[in-house]
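A quick write-up on the structure given underneath.
The values are calculated or read from the model by the stated rules, or taken from the named source; none is laboratory data. Everything quoted here is computed from the prediction, not taken from an experiment. Positions of Cβ are backbone-derived with ideal geometry, glycine not excepted, and every protein chain shown enters the neighbour counts. Ligands, DNA and RNA are stripped out before the accessible areas are found, and what is left, the full protein with its side chains, is counted by its heavy atoms. Shrake-Rupley method; radii C 1.70, N 1.55, O 1.52, S 1.80 Å.
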Amino acid sequence: MKYGLTLLVIVAAVIFLFVRGLWDEKKKRVDDARKLRAAYGRRPEKKRRSVKREVAVMQGRFTIDEITWRELDMDAVFARMDYTLSSAGENYLYKALHHPARCEKEAVRWEAVAGYFAAHHQERVQVQLLLAEIGRETGPSLSAWLSMMKEEQGKSVAAEYAVNMIYVFAGLAALRDTAAGIFLFAAVAVFQIVTYFHRRAQVLPCLSGVAEMMRALRGAEKLRRILPSALWEEAEQTAGISLVDGIRKLRPLKRHCFWVLQCKSAGSHPLSLPGDYARMLFHFDLIQFRKLKHKMLSLEPELLAIYDTIGYVDSAISIAMYRASLREWSLPVLRTAAEQMPAGQSGLSMEEGYHPLIEDAVAGSIEVCGSQGVLITGSNASGKSTFLKMTALNLLLAQTIHTALAKRFSAPFSRIYTAMRAEDDIGRGESSYMAEILSLKRVLDAGRQKEPFPVFCFIDEILRGTNTVERIAASAHILRSFRPPLVYCFAATHDRELMVLTRKQYDAYYFDEEVRDGQLFFPYRLRRGIAGTGNAIRLLAEAGYDREITEGAAAQVEDFLKEGVWR
């Protein structure tokens, strides 16, 4: 009777823990749904940047290079628009921002899915809960762990089964000699536990990748039931294969994935503890991994297609949520080479564009002639660099996520380069001037390539690292070498002499400042023409420099402007 009561208590406790676990899971899902509904139209919550993102250079495709990505602060721009909930979505969106579209079909690929979820919030939350179940992995990217799986050499499944059979022999031995049976069982258990952690550590990145991929497969099956048929067809076109066939081929893998899927589930849940001991004693997850490995590698194209489909849908939802969080945005008008405007008409047109990372940014507009570049002068801190970055970012976002942060935006499909802030590279023994001229050289080389897409380059303070005379002469010749419609150049400079030397090839613009109650004020408004003032000496005075320095410098400048020589 006593033992029966004890057993009853144990069974009741297990049932209670199981029911409590189900209740906690349901409560968490309700809370997550509430948070997702509230997140629409808001900035994304700060997330740990855990996924190792890789951007492969696609054959025949222009890829935003590392210099341009860094100079446009694209990591911060990406974080601002990243509402994704899965590794697949985060990687897909990150990769998309590196590869501008080449035609209208590629540019508008987001619109069907993003537009649907922007208008159907209940379905969006339902899909996002599914994406959250797939989740993020902290290990290598998909391509990396597939490569690791191909190279991995480990213990065979037969060897694992052979060790587990010793448990059976230990049980049989215990029937004849209890002490001997228990000793044998304990010895095997210790051996399995000790070897488990070593072998699991060797394949953990692959194990985590397989678990993520199997969650993605389950998610794709659910997604097929949620998405309208038109959107599923859109996803299939993006993937390039029949996703239904891919799911069908991959479905048998689910029979061998239970223990692999638990590889990230250990934690506070009471029912995870028995699973932990089972994996350590019997290596169930390692055995399933061996069984899944070769089958998954034989279905690599289908795996990649499923993963990309999850990433595409997650990214499209992220774009919809990003748009909803913006103060203003528009669908850009993009043109192919065959649709280029005649000479003399617009090469790029932007009305009230703004920078995505600046709160309450002052909007700017520009209309670029199809045969001219743009040269901007202006005072220090007046807005030249920010305007260049804002224009380049709008051009990039228009061609990658089909979104312009402007009231109106149109431009040709193009290749984008920047040369804005070269720095000394001590590791390579490279001065900032050498880094700058090499950065400019890559733009010149890109402009000479026979491509159907023009180059748009954005240059801030050209050749700042050398003396004035050589800088102006070399800068003028470099700027004149950028000829639309092959290369459209947007450049900012303090050298007003360049405005005269390039007046036939460049339209002149400037930013200025105002003095209000003895203080400098910057309106950040782009104006047509050449700036007539500078504020470098005035900023020294505002910073508290001695009057002897500031007044002496101002007088010397005035004398130079009158006489044309330094005294």
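Screening Thr466 against (1) farther than 17 Å from Met420 by Cα; (2) open to solvent by 20 Å² or more (accessible area, probe 1.4 Å) leaves a single unmet condition, (1). Taking each residue of the range 240-257 that is closer than 25 Å to Lys105 by Cα and looking for partners that are modelled with pLDDT of 85 or more and open to solvent by 60 Å² or more (accessible area, probe 1.4 Å) with beta-carbon atoms closer than 7 Å, six or more apart or interchain, yields Ile241/Pro301. When Ser147, Ser156 are screened for being over 21 Å from the mean Cα position of the chain (by Cα), within 21 Å of Tyr196 (Cα to Cα) and among the small types (Gly, Ala, Ser), only Ser156 passes. Kindly check whether there is at least one residue in the range 201-216 that is closer than 16 Å to Arg279 by Cα and without any contact (Cβ under 8 Å) to a residue 24 or more places away in the chain. Yes. Checking the structure you have, find out if any residue of the range 195-204 is touching a Cys at 6+ places or on another chain (Cβ under 7 Å) and modelled with pLDDT under 85. No: the range 195-204 contains no residue that is touching a Cys at 6+ places or on another chain (Cβ under 7 Å) and modelled with pLDDT under 85. Residues in the range 109-161 that are among the β-branched types (Val, Ile, Thr) and exposed (fewer than 15 other Cβ atoms within 10 Å of the Cβ): Thr138 alone. Of all the numbered requirements in (1) under 17 Å from Lys35 (Cβ atoms); (2) not in a helix (DSSP H, G or I), His99 misses one, and that requirement is (1).
For Asp445, the test of being charged (D, E, K, R) and either surrounded by 20 or more Cβ atoms within 10 Å (Cβ to Cβ) or not in a loop (DSSP other than H, G, I, E, B) (or both) is passed.
Within the range 374-394, being hydroxyl-bearing (Ser, Thr, Tyr), at pLDDT 90 or above and open to solvent by less than 10 Å² (accessible area, probe 1.4 Å) holds for one residue alone: Thr391. Scanning the range 300-334 for residues that are among the small types (Gly, Ala, Ser) and within 16 Å of the chain's Cα centre (by Cα), we see that the one that is modelled with the lowest pLDDT is Gly311. Considering the range 453-497, the residues that are in a loop (DSSP other than H, G, I, E, B) and touching a Lys or Arg at 6+ places or on another chain (Cβ under 6 Å) include one that is modelled with the lowest pLDDT, namely Leu463. Close Cβ contacts (under 9 Å, 6 or more residues apart or on different chains) running from residues in the range 447-473 that are closer than 19 Å to Ser414 by Cβ and among the polar types (S, T, N, Q) to residues that are open to solvent by less than 40 Å² (accessible area, probe 1.4 Å) and not in a helix (DSSP H, G or I) comprise Gln449/Arg415; Gln449/Val455.
Residue-by-condition table, conditions (1) surrounded by fewer than 20 Cβ atoms within 10 Å (Cβ to Cβ); (2) of a type in the set (D, E, K, R); (3) more than 10 Å from the chain's Cα centre (by Cα):
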position: Arg70; (1), (2), (3): yes, yes, yes
position: Met74; (1), (2), (3): yes, no, no
position: Ala79; (1), (2), (3): yes, no, no
position: Tyr83; (1), (2), (3): no, no, yes
position: Asn91; (1), (2), (3): no, no, no
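All of Val188, Val168, Val194 fail the test of being over 43 Å from the mean Cα position of the chain (by Cα) and open to solvent by 20 Å² or more (accessible area, probe 1.4 Å), apart from Val168. Being at pLDDT below 90 and either under 17 Å from Ile478 (Cα atoms) or open to solvent by less than 40 Å² (accessible area, probe 1.4 Å) (or both) is the filter here, so list the residues in the range 398-421 that pass it. The answer is Met420, and nothing else.
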